[in-house]
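Below is one structure, written out as structure tokens; the observations come after it.
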Amino acid sequence: MARLSTLDRFLPVWIIAAMALGLLLGRVVPGIAGVLDAVRIGSVSLPIAIGLLIMMYPVLAKVRYDETGRVTGDRRLLIASLVMNWLVGPALMFALGWLLLPDLPEYRTGLIIVGLARCIAMVLIWNELACGDREAAAVLVAINSVFQVVAFGALGWFYLQVLPGWLGLQTTSAVFSVWAITASVLVFLGIPLVAWFLTRTVGERRMGRERYESQFLPRIGPWALYGLLFTIVVLFALQGQQITSRPWDVARIALPLVVYFLVTFGVSFLAGRALHLGYARTTTLAFTAAGNNFELAIAVAIGTFGVTSGQALAGVVGPLIEVPALVALVYVALWAGRRLFPGDPTLPAATRTRR
């Protein structure tokens, strides 16, 4: 811990402070939500888009693109990721929504939409903090983006209309914009991927890999956390009034989300150990399965049901719970790694134990 910077050492404190500042601004500054949301990229507020791009760029700049081939050859990892993201995750959120919110159909629908929006952005930060496999994270995020464009609408139809009909439950009609989904992928993954490839290619050509990684990367590294904190402040400022004015509703929505993050992460982590993926790839599998694309979920909920709808509130509560939950799971991953993967060479050196 002594070797960490002040920013890294007290990251949970800064994140909680950023959330509190955002909620305070949204509550006490009149019209701040309208100002922050005045300009949009696709269906996402421009300040949030800027924060996410700043957050992702330094992380992706560390990825060695010439080593991603070894990830695509790991069928165990790829299949496990697809199963957890596109079968287990949505099914679990559907079950939790109906079990814990049977009397609140709008919130339940919003949660199901959150469960369908697989993470393609912020998960890179959590994976980096927990010392997961960067190249594996980049590949799995890219796969999620493709499936998001292809499968989101079909899965939404299945979980909101077909499956409830089979079970004799209430169905919900919803039309999802393919453009909104595609735009989210292009902006929040396409732009950082292009920037990452160009930065790595040009940087290594001019400086060499050793200088690039020992001199350039440490300079831009802190910007990932600056972008994260900025994004959190803006996000919570945008929704501060709505969140603080309906605390009981937020609590009802929060319960299934907490269960979802814990169960998905835990099952994925144990699956990675059972498949002998090693600590780094197991951690990447767990975070890519547990995280969600809150930007897309909020945009789809607002575009389909309206900005004041219960579905939109459920989407907004998503990051309110996800951010502290996944920060806590970073520490859980490091703690569990010492016990489930003793002596693993991919464990951070400070936490590694001998067999």
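No value in this document is a laboratory result; all are computed from the given coordinates. Note that the coordinates shown come from a computational prediction; the quantities given were computed from them, not determined experimentally. Here Cβ is always computed from backbone atoms with ideal geometry, including for glycine, and neighbour counts include all displayed protein chains.
Once both labels are positioned 7 Å from their Cα atoms along Cα-to-Cβ, the gap between residue 170 and residue 72 label points is 4.6 nm.
Going 7 Å from the Cα of residue 205 in the Cα-to-Cβ direction, what parts of the stretch 56-70 have a backbone nitrogen less than 12 Å from that spot? Label zone hits: none.
Between residue 245 and residue 340, full extension at 0.36 nm per residue minus the direct alpha carbon distance yields a gain of 29.9 nm.
Springs join every pair of Cα atoms under 10 Å in this Gaussian network model of the chain, and among 333, 299, 142 the largest mean-square fluctuation is at 142. For the chain, the longest principal axis of the C-alpha atoms and the axis of helix 105-116 are separated by about 20°.
Per DSSP helix of 4 or more residues, -39500 (n - 2.57); summed, then divided by the residues of the chain. What does that give at 222 nm, rounded to the nearest 500?
Rounded to the nearest 500, it is -22500 deg cm²/dmol.
Look at (i) 174; (ii) 121; (iii) 134: the one that is volume of the Cα convex hull per residue in Å³ derived from this structure is (iii).
Rounded to the nearest 10 degrees, the inclination of helix 191-207 to the longest alpha-carbon principal axis of the chain is 10 degrees.
Each of residue 27 and residue 64 was given a label point 7 Å from its Cα along the Cα-to-Cβ line. The distance between the two points is 4.8 nm.
Across the stretch 32-338, the relative contact order, built from alpha-carbon pairs under 8 Å that are at least six residues apart, equals 34 percent. Relative to the longest principal axis of the Cα atoms of the chain, the long axis of helix 294-305 lies at roughly 20 degrees.
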